[in-house]
Every structure is written in structure tokens, then in C-alpha cells.
Amino acid sequence: MLRTHNCGQLNAQDIGKEVTLCGWVAKRRDHGKLIFIDIRDRYGLTQVVFNPKECAETHQKANTLRNEFVIKIQGLVNSRPAGTINSRLSTGEVEIVAKDLVVLNPSLTPPFEIEEDIEVTEEMRLKYRYLDLRRSSVFNNFILRHNLYKIIRAFLDQKDFIESETPILTKSTPEGARDYLVPARSSPGKFFALPQSPQLFKQILMVSGMERYYQIAKCFRDEDLRADRQPEFTQLDLEMSFIEEEDIFSLTEGIMQIIFKELKGIEIKLPFPRIKYLEAQSKFATDKPDFRKELNTDFAFVWVIDFPLFKYNEEEKRWESEHHPFTAPRQEDLDSIEKAPDKVKARSYDLVLNGMEIGSGSIRIHDQQLQERIFKVIGINKQQAHQRFGFLLEAFQFGAPPHGGIAFGLDRLLAILAGKESIREVITFPKTQAASCPLTGAPSDVDEKQLKELEISIKTKKKRRKKNV
């Protein structure tokens, strides 16, 4: 290791030790003959003093230091002089009297200062995200994310779940939003799609006998963006066999209870209240009701249940699925599927927190004949069903167990936990609201050679020339 300690580690017990620290120059202050710098890494900040009486050569080098230089410091831990102790820092009782300085890498002047409260445009922050992440107020969001993942994995491991990945390059099976398509070079004219969710694969895992699956999954949807949407986002996706709604509710409430206890020090009361879809619409004019007033715990969870299975598309004059076509109807509504689609209730459920949907799921259809009836109502004939979902329907013919699941939007949950308005604050390298990446310049043009290999041509619209008046 290049260092003996990190920059947030030293305290009064280390006085007299010779240490080596590595990090970035956070600040430089010239007090006549003495030069002070604050050296920073992900763990914290330590003050270093350069005294020409201790080492004239090292003091001379310190004159060249500027903010964000990467340096290595060797020196002696000393107590700070009386009246200079900084109680706001874990290292505030001590300073390093420098004996040696190595500049590991200089830095250009940053486009904005690496300070906590400085005002910077989002475009600038995302373009120089590697600088933005050096601020502890930003970086701490990703420590929070890391800790959330640890809690989730530990909890589900105790509940006998298996973490399993599903494909990223898959078949286009539109699930409510536009797919991101990837041309297949080996099959000219054909495309992979990036998954909007692992929905079909996790159902197939239930057919396989896995019984309890979860995945922290990347999902992709080509839809208009807003503060709580990104073209790529992260879900906690899980599925269980031989269960009913109450099993999902109990598991979910247990996950949320331990998350808020561990990360926020808050005891969440169980069970969560439940409200029917029609009641939510009547009282709150939304299916994402904010229950904070009703419950008085800054964090108000509520289950929304009894959604309609179908909704009518007035523009296209046809029925379509309220959630997705694999959601099971209530048993008592089976006879109404064809006769009165508007009366059929779904075995689906949404988890809402502070007026934001953070989870959605359902008991699934596991019977091929029932699945075909649902497809028929929403205008998908047998040929179309086979073309889009044939691999799932075929799997159902080999003994599919009753199953259901839920998926949680981890970016939305993290934004709430961190007290942020936008999920972009809790995504390491987010896209802008225009679905672009200022850091890399994506999306971008590609080389003509690549297009030829894929047998793709780009049509560009010619700008109409304005006639001279």
C-alpha cells in the first residue's frame, strides 16, 4: 500500500506516529512561512503543515501545490496547537507535520470548486461527474446505495432466496414502453431488445423449480423522462412459487422495516395500511396516494390493491392490460373476462411511499388456457402470442406452479431515503432529462463501417431551404 492510514482515520491516540497519507489537495493556505493543506480521500480530511524548519525542500515543493493535485505525504502526527482544534472533523485534534511530499499527479483547475454548497448546473455536474462525486454530500448517496444492497441481500438470503441473473440481450416483448433495440450482426435485419424488466425470465425460473428468486436488475425503457424516470434504472426483482398475496405483503413489509431501521434509525409500523384502487381514485384522485397526513411517521407506506385487470384505450378502441398481460384475475371474476372486462379485478398490488410508487407486482397467470383468454381480450391472437411470448407459453405446458412476485424501484426508494427530489442524485452516472450523457456524449454517431456490418442505413431528413422573400 502507498499509505499507512486513510485521511479520516487519525486521532489523538496516533500522536507521535510516523504516517503516510495519499489523497487530493482540498485546500491550500499560505500563512507566511507555514503552508497548510487539507488532504482528502473518501474517508475524510486531514490537515498537513509544511514548516521550512522541519524540511526546507518539502516546504518548497508545497509551494507548487494546487487544489485537486493527487499527493503522497509522509510525516509525524502532532497535536494541533491550542485553539485550533476542529471538532467538526474526526481528525480535528491532530495534524501531520510533513517530512516528504510526492506529487502523484497534478490537476487542471477544476471547472467548479469541490465544495459542498456550491451552486453548479446539473449539465456541468454530469459532464464532470468524476469531480462532482468527490464531494461527500454526493458520494454519500452511493455509500447509502451500497448499504441498501447489503441489507437486501442479507435479508433475502435468510429467507432462502437465490440470486440469479437474467439476460440483457433478449427478445422484444413490449411491456408498456418502447424497447431499446440492439441490431444483431449475425442475423441481419433482426434485433435484440434490452429488457424493460426480467418478467418473463423470472416466471420461467419458477417453472424451473427455483421457487424463490431475486435479482438487483438493470432495466431499460425508452420513455419520456422526468425526475423519477431514467432510460436505465435498477429494480429489486423477486418471484416466489406456491404463494398468495399475503406472502408478498409480509415479505415486503419485512424488507422495508429492516431497511428503514438500519439506514434511517426509524421503526416502521406493520402491517402497512391497504386501500382499494377505486377508493384511492375517489379520495386522492390518484392511484399513488400520499398517506403522510393520515398516518402522521415522515415515511407513509400504503398498499394499493384491487386494480382493474384491463383498461380501455379510447384512441385505439380496444382493451389493454392495466399492468401487464401476465397478471392473474381474481378467481371470482373468471366468468367476466370476455363478457365484462371492465368488471374484472386483478390480483395485483402497488406499494406507495409518500405518494410515489416504489413497488409493483402481482400473482401471475400460470395456466396456458387462461393466458390465451387474456391475450384474446387485449387483441393478441394465437399467432401473435406465439410470436411474442411463445417460449413462456411453451414452458407453461410443462408443469408451471402458482407463483407471484414484485419489483421495487431502487432508485426511487434511494431518492426518498436520501431526501432527494430526483433519482439522478442517487444514480452514479445518470442521463439528463433529454436522455443524454454529458460525460461521454452518448448517444452518438457511429462509424459507417459499423453500420455496414449491421446492414443498417441511416435516413437523414434534409432541411428545407427557406425561400428568399
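In table form, for the structure just shown:
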{"read-out": "Strands (runs of 3 or more DSSP E) wholly inside the range 209-285 containing at least 3 residues that are out of contact with any Phe, Trp or Tyr (no Cβ under 7 Å at 6 or more places or on another chain)", "value": "212-220, 232-241"}
{"read-out": "Scan of the range 5-27 for residues that are among the basic types (K, R) and over 36 Å from the mean Cα position of the chain (by Cα), ordered by number", "value": "K17"}
{"read-out": "Complete set of residues in the range 207-249 that are aromatic (F, W, Y) and farther than 20 Å from D160 by Cβ", "value": "F220, F233"}
{"read-out": "Qualifying residue in the range 130-137 (condition: assigned by TED's automatic domain parsing to the domain that holds G405, part of a helix (DSSP H, G or I), under 30 Å from K261 (Cα atoms) and of a type outside the set (D, E))", "value": "yes"}
{"read-out": "Among the candidates K33, K53, K72, residue that is modelled with pLDDT of 95 or more and outside the structural domain of F139 (by TED's automatic domain parsing)", "value": "K72"}
{"read-out": "Extreme residue, farthest from the chain's Cα centre (by Cα), among residues of the range 322-338 that are surrounded by 14 or more Cβ atoms within 10 Å (Cβ to Cβ) and among the polar types (S, T, N, Q)", "value": "S336"}
{"read-out": "Members of the range 11-63 that are β-branched (V, I, T) and farther than 30 Å from Y130 by Cα", "value": "I15"}
{"read-out": "Inter-residue pairs, beta-carbon under 6 Å, first farther than 21 Å from L104 by Cα and in the range 21-38, second surrounded by 22 or more Cβ atoms within 10 Å (Cβ to Cβ) and at pLDDT 95 or above, 6+ apart", "value": "none"}
{"read-out": "Residue that is in contact with a Lys or Arg (Cβ under 7 Å, 6 or more places away or on another chain) and not in a loop (DSSP other than H, G, I, E, B), where the choices are L21, L65, L45", "value": "L21"}
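The values are calculated or read from the model by the stated rules, or taken from the named source; none is laboratory data. Worth saying up front: this structure is predicted, and the values here are computed from it rather than measured. All Cβ positions, glycine included, derive from the backbone under ideal geometry; neighbour counts span all protein chains shown.
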